[in-house]
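Remarks on the structure that follows.
The values are calculated or read from the model by the stated rules, or taken from the named source; none is laboratory data. It should be emphasised that the depicted structure is a prediction, and the values quoted were computed from it without experimental measurement. All Cβ positions, glycine included, derive from the backbone under ideal geometry; neighbour counts span all protein chains shown. Ligands, DNA and RNA are stripped out before the accessible areas are found, and what is left, the full protein with its side chains, is counted by its heavy atoms. Shrake-Rupley method; radii C 1.70, N 1.55, O 1.52, S 1.80 Å.
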Amino acid sequence: MPDTSFLDWPFLEPAHRELRRLAAGFAERAARLVDHHDIDASCRRLVAALAEAGLLAHAVPAPHGGKQPRLDVRSLCLIRESLAYDSGLADFAFAMQGLGAGPITLFGSEEQKRAWLPPVAAGRAIMAFALSEPEAGSDVAALACTASPDGPVHVRIDGEKTWISNGGLADHYVLFCRTGEAPGARGLSAFVVEAGTPGLEIVERIPTIAPHPLAHLRFAACRVPLANRLGAGGEGFKIAMATLDVFRSTVGAAALGFARRALDEALARARTRRLFGATLGDLQLVQGHLADMVADVDAAGLMVYRAAWAKDQGAGRITREAALAKLVATEAAQRVIDRAGQIHGGLAVRSGAKIEELYREIRALRIYEGASEVQKVIIARSVLGEGLA
């Protein structure tokens with residue numbers, strides 16, 4: 001059983017503790033919904049089940065199918081941590097509903113929210129967040145995909161997107177592209193593009209070491225109603241960054257779930273595996289590994305829930321706190337899982353073993369939604385900016 005002492009931290013409230021129990025109970029069942037030979041069908045089953053369990057109601061606001069008037073980041077983190085502990089794909093399915101719908105939640109008009117958010121909470125629509133391109137990932141200002149006027153009430157979208165989670169599976173894509181109001185980041189806008197829109201092509205599905213639905217997309221004279229634009233023209237960069245400001249902490253929470261599972265697997269192994277006339281847990285070197293793992297897990301948890309708490313308390317932007325949460329938690333989780341592998345020995349590299357699965361799952365979290373190196377730049381610039389002010 002995972003350690004739940006963190007639920008007593010002052011960052012969390014009684015409602016969060018009850019939500020943790022609900023999410024953990026669902027997570028234990030979620031693994032049975034996953035067929036790694038059919039990832040798309042597995043994701044559809046998971047989204048439907050997450051909705052039935054009431055968890056997707058935390059991914060959108062009320063009154064559009066959600067539980068609360070605005071997103072509660074601590075709830076998002078608790079759900080992702082709980083799901084990741086048992087199933088990386090269940091965490092993925094939940095996370096993409098929130099991230100894909102996030103720009104609509106934060107910047108959509110009431111009409112747009114009424115149209116697109118209730119199906120997300122009900123599990124009837126699958127979302128995608130289409131930001132990265134072949135030559136623009138971390139450098140969002142370098143996006144080349146364009147949206148140009150096409151008559152009085154439409155735009156024409158041309159360009160490519162890649163590494164798009166739920167690509168080929170999603171019903172709606174929140175797409176960021178260049179509209180030219182100003183140079184660089186100030187000339188981007190966000191549009192909702194419906195799957196099946198003529199001119200939207202799934203070029204290829206991208207296989208990864210931890211199987212998730214990702215794809216390379218191409219837009220060729222893809223005609224989209226101007227009414228599908230979120231916010232004003234030129235606000236795309238602001239929309240993307242504000243959305244990541246909310247959801248970046250939750251990436252750290254997923255890493256925390258993987259790390260807690262690795263620690264528990266290592267503890268179980270250390271208590272039962274006998275070597276040189278004692279258990280592994282009796283050996284001081286192993287005890288040292290376990291102590292380092294506990295320290296990493298607690299430090300990561302404190303960073304994640306501090307950032308989430310700050311946002312929930314009404315902070316306008318938590319860019320620095322979210323960057324710290326993601327950086328510390330994902331890097332710590334990689335270390336914890338690696339040490340768990342050492343404690344498991346050869347069993348850690350056996351295909352299908354839980355530690356081997358965790359190795360594959362954690363690697364991408366240190367890259368997507370801003371690689372660790374990008375988080376370091378964000379953190380350093382925030383410190384330098386304060387120091388120079």
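Here the range 322-353 is the region considered, the condition is being open to solvent by less than 40 Å² (accessible area, probe 1.4 Å) and not aliphatic (A, V, I, L, M), and the residue that is farthest from Ala84 (Cα to Cα) is Gly345. Criterion first (under 30 Å from Leu89 (Cα atoms) and of a type in the set (A, V, I, L, M, F, W, C)) does Ala227 satisfy it? For Ala227, the condition - under 30 Å from Leu89 (Cα atoms) and of a type in the set (A, V, I, L, M, F, W, C) - is not met. Considering only residues that are crowded, with 20+ Cβ neighbours inside 10 Å and either within 14 Å of Gly66 (Cα to Cα) or more than 17 Å from the chain's Cα centre (by Cα) (or both), which ones fall in the range 99-111? Scanning the range 99-111 gives Ala101, Gly102, Ile104, Thr105, Phe107, Gly108. Checking each residue of the range 178-187 against the condition of being touching a residue at least 40 places away in the same chain (Cβ under 8 Å), closer than 21 Å to Ser109 by Cβ and in a loop (DSSP other than H, G, I, E, B) gives at least one match. Considering each residue of the range 19-31 in turn, none proves to be within 21 Å of Leu244 (Cα to Cα) and buried (at least 24 other Cβ atoms within 10 Å of the Cβ). Of all positions in the range 166-173, at least one carries a residue that is buried (at least 22 other Cβ atoms within 10 Å of the Cβ), small (Gly, Ala, Ser), modelled with pLDDT of 95 or more and at negative phi. For the range 373-389, taking the residues that are part of a helix (DSSP H, G or I), at pLDDT below 95 and small (Gly, Ala, Ser), the one that is surrounded by the most Cβ atoms within 10 Å (Cβ to Cβ) is identified as Ser382. Within the range 47-65, residues that are touching a residue at least 12 places away in the same chain (Cβ under 8 Å) and on the phi > 0 side of the Ramachandran plot reach partners that are open to solvent by 20 Å² or more (accessible area, probe 1.4 Å) and part of a loop (DSSP other than H, G, I, E, B) with beta carbons closer than 7 Å, at six or more positions or on different chains, in the pairs Gly65/Ala122.
In the range 227-255, the residue that is surrounded by the fewest Cβ atoms within 10 Å (Cβ to Cβ) out of those that are touching a strand residue (DSSP E or B) at 6+ places or on another chain (Cβ under 6 Å) and either of a type in the set (A, V, I, L, M, F, W, C) or closer than 25 Å to Leu324 by Cβ (or both) is Phe237. Considering Ala190, Ala210, the condition of being under 30 Å from Ser351 (Cβ atoms) and open to solvent by less than 20 Å² (accessible area, probe 1.4 Å) is satisfied by Ala210 alone.
For the range 38-73, the tally of residues that are assigned to a helix (DSSP H, G or I) and either open to solvent by 10 Å² or more (accessible area, probe 1.4 Å) or of a type in the set (A, V, I, L, M, F, W, C) (or both) stands at 17. Summed over the range 299-321, residues that are assigned to a helix (DSSP H, G or I), open to solvent by 30 Å² or more (accessible area, probe 1.4 Å) and without any contact (Cβ under 8 Å) to a residue 12 or more places away in the chain total 0. Look at (1) of a type outside the set (A, V, I, L, M); (2) open to solvent by 10 Å² or more (accessible area, probe 1.4 Å); (3) in a helix (DSSP H, G or I) and you find that Phe258 fails only one, number (2). So which residues in the range 277-320 are of a type in the set (Phe, Trp, Tyr) and at positive phi, if there are any at all? Across the range 277-320, there are no qualifying residues.
For the range 269-289, the set of residues classified as open to solvent by 50 Å² or more (accessible area, probe 1.4 Å) and of a type in the set (A, V, I, L, M, F, W, C) consists of Leu275, Phe276, Leu283, Leu285, listed by residue number. Whenever a residue of the range 354-383 is of a type in the set (Asp, Glu), its partners that are not in a helix (DSSP H, G or I), lying with C-beta atoms within less than 8 angstrom and at least six residues away or across chains, give the pairs Glu356/Arg350; Glu357/Ala210; Glu361/Ala210. Within the range 153-173, the set of residues being touching a residue at least 60 places away in the same chain (Cβ under 8 Å) and outside any strand (DSSP E or B) comprises Val153, Asn166, Gly168, Leu169, Ala170. For the range 193-207, filtering for residues that are open to solvent by less than 50 Å² (accessible area, probe 1.4 Å) and on the phi > 0 side of the Ramachandran plot leaves 1. Just one residue in the set Asp296, Asp292 is open to solvent by 50 Å² or more (accessible area, probe 1.4 Å), in a helix (DSSP H, G or I) and within 30 Å of Gly341 (Cα to Cα); that residue is Asp292. Among the residues of the range 352-372, the ones that are of a type outside the set (Lys, Arg), under 18 Å from Arg260 (Cβ atoms) and assigned to a loop (DSSP other than H, G, I, E, B) come to 1 in all.
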